[in-house]
Amino acid sequence: MLDRLRSLFGKEVRTPKEIPFDELIPFIESQEEAIRIHLEEEVATRRPQIVAAIENVREILDSVSDIERKPSSHPKLEKIAQSSLPHFVRSLQQHVSRPLPERAEEFYHEVSVLLKGCINDMRGAGKYLPMVFPEEMKALRHEIGIIGRTINELTTLVSQAKEKRRQLISLRTTWSTIRSLTAGQNERIARIEKMHAKSALLRAESERVRQSMKGLERSAEYRELEKRQHHLSRSLEEAKNLKLQKGQVLGTVLSLYRRAARIARHQNSREKEKILEETIDLLESSSQDCERISSCIQGTVASLMEFIHSGALPLKGQDEQRIFSSPQSAADEIYQACDEIRSADRGIEELQDQIRDMPVHGTLLQLRAEEGRLSHDYEKTLQECTEEEDALKSLPGRIKTLENELKGQIPVVLGEECSVIFARLGEPVK
């Protein structure tokens with residue numbers, strides 16, 4: 001078939017070059033080395049011509065320095081020679097005395113700087129010297145022109161080398177990105193597989209815990225626990241209602257004591273005010289020391305009753321009239337309210353202690369805590385797995401786009417048709 005095509009078209013049909021993806025970096029490195037060697041050879045070919053021209057410039061400058069000491073036939077030209085020539089020669093000598101590096105691009109850069117300095121001197125301090133030294137200045141222009149033309153040739157070569165390197169850098173960047181994304185794709189797949197395995201394990205563990213809890217809930221111990229918890233709930237509700245009811249009694253007493261304290265303060269009775277304030281502080285402290293509260297009421301109720309009997313502290317409502325009908329009735333009412341609240345709280349504490357001491361209660365708490373932890377880990381694993389899967393979906397498209405970019409970059413670098421063999425595909429990308 002190939003021979004048939006050759007006979008039809010009269011020329012050889014070339015098969016596009018193929019480069020395995022994993023061999024691209026050595027290929028890029030070989031291209032970079034080829035660019036370096038080519039540029040070194042081109043510079044080496046032109047170096048003798050540049051060096052000779054620079055040496056000729058030095059010799060011309062030496063001859064101009066000798067001529068500068070001879071008197072001129074024209075006064076103005078003599079003045080030009082005296083004022084411009086020393087600076088011109090000194091500056092130009094500094095340029096052509098610069099050391100020239102061996103490496104190609106460094107040599108090119110150094111000679112370019114030298115050339116720019118020489119041209120500036122010729123246009124600056126050497127602008128009028130051709131009228132004094134026509135032959136010497138013509139010779140200088142000739143030698144500097146040789147350097148300029150040679151540097152222009154090298155400029156084209158250096159620019160081409162830079163452009164090729166830029167293309168190779170772009171090619172390497174695309175290759176590295178594809179490699180990184182492909183590795184990331186494989187890593188994500190591995191992580192997703194691990195997450196699926198972990199979520200399955202967490203589901204199995206959660207099911208085991210739930211079965212343990214169901215078995216526990218069928219036991220006699222659990223039924224006893226439920227009974228006591230129900231009793232505790234009822235006791236808590238009763239205690240709440242009791243505190244609301246008895247709290248009204250304590251609130252009534254506290255309100256009356258505050259009014260009495262204000263009256264004592266208004267009458268400048270410091271001792272009574274102090275006694276009443278101490279009772280107020282005790283009532284506001286939510287203390288359950290019923291004996292102390294009752295004793296405190298008995299010790300201060302006399303001052304309170306004195307204000308009541310004098311009319312300074314009128315009783316408002318049936319509750320105040322009932323509680324403070326006598327000093328003893330006030331102390332008894334307060335003690336009873338406090339004692340009932342205290343008894344209710346103690347009963348609740350005993351029930352809570354009984355429940356905490358039941359082994360089934362501790363086991364149930366442990367199982368519920370484990371179930372909560374497993375549920376949290378399971379949801380977290382699912383969320384992370386979903387995020388990884390979403391990220392994974394976008395990778396093939398990104399990789400394909402970069403592969404197409406890569407297959408377009410290589411012919412530009414090589415200057416010929418070329419295809420890349422991607423290992424994951426097993427066939428060239430045409």
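See the values below:
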read-out: Residue identified as surrounded by 14 or more Cβ atoms within 10 Å (Cβ to Cβ), assigned to a helix (DSSP H, G or I) and either modelled with pLDDT of 75 or more or out of contact with any Ser or Thr (no Cβ under 8 Å at 6 or more places or on another chain) (or both) among 313, 283; value: 283
read-out: Qualifying position, being more than 30 Å from residue 308 (Cα to Cα) and modelled with pLDDT of 85 or more, among 344, 369, 423; value: 369
read-out: Pairs where the first residue, in the stretch 193-221, is more than 21 Å from residue 377 (Cβ to Cβ) and the second is surrounded by fewer than 15 Cβ atoms within 10 Å (Cβ to Cβ) and charged (D, E, K, R), C-beta under 8 Å, 6+ apart; value: none
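The values are calculated or read from the model by the stated rules, or taken from the named source; none is laboratory data. Quick caveat: nothing in here was measured; it's all calculated off a predicted structure. Every residue, glycine as well, gets a Cβ built from its backbone with ideal geometry; the counts of neighbours run over all protein chains shown.
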